[in-house]
Structure formats: C-alpha cells, structure tokens
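The block underneath contains the structure these notes are about, expressed in structure tokens.
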Amino acid sequence: MDPILKAALLSWNWRLEVIIVLALAGTLYTRGWWRLRRRSRYTGETYRSSTFVRWRLTSGWRLASYWAGLFLIALALLSPIDSLGQQLFLMHMVQHLLLIMFAPPLLLLANPFPVILWGLPDSWRRVAGRGLGVVLHRQSPTRKLLRQATTAGLIWMIWVIAVIGWHDPGMYNWALRNEIVHDVEHLSFFLVSMLFWWHVIGAGPRIHKQASCAGQI
C-alpha cells in the first residue's frame, strides 16, 4: 500500500468541538427517547392520543436513524475522509455528500425536535416549551415570519446557491487553503440541507403544510 494512503487511512482527526456537539446531541436525543418510551403505554388509543404520539416518536428505527445520522457526520468530519479530501477530489465530494444528502435526512426521519426537548432537564424543558409555545402559536407574528422566511421555494433556492457557490473553483480552493472557511462551508452545507430535508420529510416543528408526494420528489 502506498505510504501516503496508509498514513491517511490511519489518521483520524479527533476534533474536540465536533465530538462535544455530537455527544451532546446524541445524549439529549437518547435521553428524550427513553423518557418518552417509558411514558408510552400503547393500548389502542386513537391516532390523536398523546400516548400514541409518544409511541410513534419512540419507535426503535427512529433512534437507529438518528444515531446513523450522527455517525455519518462523525465519519465526514473526523475520519480519514477529511484528510483525504484535502488531496483527492473524489473524497472531498464524498464528504460533502455525507453532510448534504445522507446525514440530514437520517436525523430528520427521527423527528428530533420534540424528542430532544424531552431530553432536557425538566426545568429547562418547561422554559423552552413555554417559549416555543409563544413563538410557534398559530396566531403569533413570529410564526408567520418564520413561515415566510422558510418557504420550500426559498429554502430550495438557498440550498442550490450554497451547493453551487461553494463548488465554484475560487470558493472551493479558498476553503481548501483556509481551515475556518472550510468549517464554514461544511456548516452551511449541513444547516441548509437540514432545512431542505425538513420540508421533504415533514419533521417537527410543522409550521408549513405537509408537501404532497409530487412536491416531496
């Protein structure tokens, strides 16, 4: 095996800030999932019952999907894919695809927003719940503003601009030369893709009408 390739395969970049964020996200979701699951006693209630909703949120596949999404983020940012991406265009694109097309939908299929709220300490959850209740109330001007600022068409345009813009040769090379710019690139890819897939999957908070099958495609 080529010595350079061997060294790259053995090089994991254990970035503390990434590990902390992923560990915190995983802990909060798992704690919330477990708390909701303990409260859930599905006994045939109607779809609208809170017990059934909790049961749906705590399906085992959702927990697996969430952790798979976190694993792909770790793979993209901590594994040799990151170091190889500095040398090989193919690996750089693999890294981008993990952050754009694979990790976000896996995370959102887990419907993380309400579950993570249940993962917070009780006092924090009550404060957050009251605040979100005000912000996301149907008659709240903040909710209307959020709906206007996150329409599917607008988010799609921002997503396309981000993906194409960062792959412009000048921007691409700038990101390779500057680690901070490279981090901003990855963060923007991930956040915009979360908004994009949020519309496709219909995860909470649901402030828009559910897209039709044609719209999702």
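The values are calculated or read from the model by the stated rules, or taken from the named source; none is laboratory data. Remember, it's a predicted structure, so these values are computed and weren't measured experimentally. All Cβ positions, even for glycine, are placed from backbone atoms using ideal geometry, and neighbour counts span all protein chains on display.
Looking at this structure, is residue 174 in a helix (DSSP H, G or I) and under 20 Å from residue 115 (Cα atoms)? So residue 174 does not fit the description; no. Working only within the stretch 37-75, note down all residues that are among the aromatic types (Phe, Trp, Tyr), modelled with pLDDT under 85 and in a helix (DSSP H, G or I). Within the stretch 37-75, 52, 55 qualify. Restricting the stretch 72-118 to residues that are among the aromatic types (Phe, Trp, Tyr) and within 30 Å of residue 133 (Cβ to Cβ), the residue that is surrounded by the fewest Cβ atoms within 10 Å (Cβ to Cβ) is 113. Test residue 134 against the stated conditions and say whether it is in a helix (DSSP H, G or I) and either touching a helix residue (DSSP H, G or I) at 6+ places or on another chain (Cβ under 7 Å) or of a type in the set (Gly, Ala, Ser) (or both). In short, no.
Just one residue in the set 156, 124, 118 is assigned to a helix (DSSP H, G or I), aromatic (Phe, Trp, Tyr) and over 30 Å from residue 38 (Cα atoms); that residue is 156. Of the candidates 206, 177, 125, the single residue that is surrounded by 16 or more Cβ atoms within 10 Å (Cβ to Cβ), basic (Lys, Arg) and either in contact with a Phe, Trp or Tyr (Cβ under 7 Å, 6 or more places away or on another chain) or farther than 23 Å from residue 27 by Cα (or both) is 125.
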